[in-house]
Amino acid sequence: MPPSTSSSKSQARLRITLRVWLAAYRAFFAVVRDPVDLIVRIALAQAFVMRAVMMMSSSSASDSLFNVDAIFAGDSLASLLLTLGLFTRISAGTLLAFAVTRQLGGTGSEPNAFIIALLAWYVVRGPGAISIDRAVALGVRASALPLSRPVMRALDALRDYAAPATLTLARVWLAATMLGEPGASPWLPSGTFAPLPYAARVVCAVLLVTGFALPVVLGLLILLFAGIATMHPLSQLDLYVMLFLAIIGLYRGGALTIDGRIGEWLHGHWLFDRPRDTVPADWPHVVIIGAGFGGLACAAALKSLPLRITLIDRHNYHLFQPLLYQVATGGLSPADVATPIRGLFQGDSNVSVRLGTVTGVDRAARHVRIGDSVLPYDYCVVATGAQHSYFGRDEWAPYAPGLKRIEDGVMARSKVLTAFERAETEQDPEQRRRLLTFVVIGAGPTGVELAGAIAELARAGLSDHYRTIDASQARIILVQSGDRVLPSFPEKLSANAKASLESLGVEVLLGARVTGIDTAGIAMGDRRIEAATVLWAAGVVASPAADWLGAAKDRAGRVVVGDDLTIAGDPDVFVIGDTAASAAWKGQPVPGLAPAAKQGGAYVAKVIRARLEQAAPPPAFAYQHMGSLATIGRKAAVADFGLFQLSGALAWWLWGAIHVAFLVGVRNRLAVILNWVWCYLSFRVSVQLITGELENRA
């Protein structure tokens, strides 16, 4: 290999490796910064509340009780506001005045000096994202409150210009503290760093002042105090020193740092982060079709590489389908299970999001067709998921909607709630029974979860809402053509799931094949069930991607892919998720689960990265099964992890934790947790809205 080629490959690998590390570095700070900010505020508030309590308990009858009470009330109120992040600068300033007064009066301490430094930071910088101030800032700025706009501009200027300078002063103060003599000044708590050898303190002080290798220096100091804390109960000094060091590190030391100058040079010479209009046009273009689990995982893994990425979807949101059944039964709002795609990549200049419906892929011309337009690609990743399958009986679709889209969940919710509303005013007993009969077809995870949720809705959520009907007497029927529910689970768990469903009042019909569905109900051979609401959870079929690509497909319409998830004869077209037929699960087909799609997306990113680096490709894709879960009502679930299985309440808690963890976005996680807690404790349904136009089929 010529030396120039080898040097070029090494340089490409180095650039890409540095980009990936920089992206990971930024992601770490983005994830950690706001929770740490909240922890610091809570710790500061706790210090003042404890001080006030101690003053109250130690005050004698001769003390001015009014003054003690006033101090207690002031400390407590300011501490509460600081914790909430409400009027943060004012509350931090109030507490800062108390702390400075103590220090000037000679009653201060080394922890108090670090508390003063942290409070000064909040006076200048304000709170992080987990605060009321930040949540209402945009609304206040655009409100009719007097002087709201100039005040907000002044606070923004204080944050943008004074905060970096404050961190610079904090570094200098910390360096002076390290080099000072213990006890020389109450404003320099030099005894804090007495355990360090003097030479080490000099080195740390120089690095702090110059701002060189700050993450390393601050990280080692935090580990030092954490180690000291493990040898004896965590003292106030250890705690506030670690928090102070963390704040300096998380905000990158402020202005005038060598680290910052190095970063600027790397940005300018190594194309780490360019404005949108300067992303090089010669970077390879990756087109990802579909913003499901697989598409998002692929885009997230590729965004730190020198690539132009276009993410296309028919909707402007990512939908968490595993919880869509809770939208259908009123447990969650559609906004709780969907996240705007653009918001996920708003800080990534090389990622573009495009709203549109893909109608084809021209592999010869290497472009994707979106309506009347075309989009060229260098790499194409197809992650279009699956859709309902009625096994050749598509005429059933209007009478038995499935659950794949937000619209499906909202329609199902409206059908279920409308049935109860119509039953409330129906005079004919036969018609009322039909309205209060709900049929779910298909006993896979979605069908089991849907039937259990409808049963709980009727038995508990709506039990006292009506006057002429007893909602708890509703009939919920789960129809399964096979011989057991949850056929992909072990037989023991299937039996447990069936027993849990029946304990909720669900009728489970096994070995029952549906032969007809109409406006009045369903037929199973000679048997008929009259039901106003029928929901489909019996099967799915892959999107028409195989037809676009002209590629081989299996019986379910999935594209047959190779070991590297590419289609035969075209190494630049990848297919992942429910759209792909891959035997990467120890020779067995990869299941249509969210973890499988995410693993496929991450693997494709590795393949593309290896090609950019001109390195050896990764080993063949191998799906790692993390387990299967399904929930039945509010206190039962089943979980299969291969080596062991769980059922009952413990599996339910595990199911909830895993689903919350898989949700995209902090807002969605918090909303789902709050809704679940409310519904669980109150037996109330969060969303009881009937929306959209439904035909009158009563």
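Things to note:
- Remark: the chain carries a charge dipole of roughly 960 debye about the Cα centre, counting +1 on each Lys and Arg Cβ and -1 on each Asp and Glu Cβ.
- Cα-centred dipole magnitude for the stretch 364-428, charges only on beta-carbon of K, R (+1) and D, E (-1), debye, nearest 20: 380
- Highest average packing first - 192-204, 135-147, 308-320, Cβ atoms within 10 Å: 308-320, 192-204, 135-147
- Of all aspartates and glutamates in the structure, those lying under 12 Å Cα to Cα from LYS606, and not within fewer than 8 positions of it along the same chain, are ASP564.
- Helix 88-104 and the long axis of the chain differ in direction by around 30°, with both axes built from C-alpha atoms.
- When the alpha carbon coordinates of the chain are projected onto the principal axes, the ranges are 96, 85, 55 Å, largest first.
- Percentage relative contact order, the chain, counting C-alpha pairs under 8 Å, at least six apart: 11
- When both the stretch 430-457 and the stretch 149-177 are represented by their alpha-carbon centers, they are found 59 Å apart.
- SER10-PHE29 pseudo-label distance in nm [points 7 Å out on the Cα-to-Cβ vector]: 3.0
- Long-range HN-HN contacts of ARG558 with modeled amide H, under 5 Å: ALA542
- Evaluating 6.51 cos²θ - 1.76 cosθ + 1.60 at θ = phi - 60° for every residue in the stretch 545-558, the Karplus couplings come out as 4, 4, 5, 4, 7, x, 10, 5, 9, 8, 5, 8, x, 7 Hz, glycine and proline recorded as x.
- Ranked by the mean number of other Cβ atoms within 10 Å of their residues, highest first, the peptides 90-96, 211-217 come out as 90-96, 211-217.
- Euclidean distance between Cα centres, the stretch 300-360 to the stretch 83-106, Å: 43
- Loop-exposed GluC sites (Glu not before Pro) per DSSP, neighbour cap 16 Cβ within 10 angstrom, longest uninterrupted part of the chain: 1-692
- Calculated from backbone phi, Karplus (6.51, -1.76, 1.60) coupling profile of the stretch 609-622 in Hz, x at Gly/Pro: 4, 4, 5, 4, 7, 6, 9, 5, x, x, x, 4, 4, 10
- Vicinal HN-Hα couplings computed from phi for the stretch 307-320 (Karplus, 6.51 cos²θ - 1.76 cosθ + 1.60; Hz; Gly/Pro x): 9, 9, 10, 10, 9, 10, 8, 6, 10, 8, 9, 9, 9, 8
- Loop-resident trypsin sites (Lys or Arg not before Pro) (DSSP state other than H, G, I, E or B) in the stretch 411-483 with no more than 11 further Cβ atoms inside 10 Å of their Cβ: ARG467.
- Computed [θ] at 222 nm, deg cm²/dmol, the chain (DSSP H ≥ 4; -39,500 (n - 2.57); rounded to nearest 500): -15500 deg cm²/dmol
- Built amide H within the under 5 Å cut-off of THR533, gap 5+: THR437, VAL439
- For the chain, the antiparallel share of DSSP beta bridges with both residues in that region comes to about 50%.
- Cα-based helix-to-principal-axis angle, 406-425 vs the chain, degrees rounded to 10: 70
- Centre separation in Å (Cα based) which lies between the stretch 563-594 and the stretch 463-532: 34
- The H on the amide N of ARG354, modeled in the peptide plane, is under 5 Å from the matching H of LEU311, ILE312, ASP313, each at least 5 residues off or on a different chain.
- 0 to 90° range, to nearest 10: angle between helix 3-58 axis and the chain longest Cα axis: 70
- Global form of the stretch 139-209, assessed from the alpha-carbon gyration tensor, a/c cut-off 1.5: prolate
Taken together, the values in this text are just the output of simple stated rules run on the coordinates, not laboratory data. Owing to the predicted nature of the structure, the values given are computational and were not obtained by experimental measurement. So basically every Cβ, Gly included, is an ideal-geometry build from the backbone, and we count neighbours across all protein chains shown.
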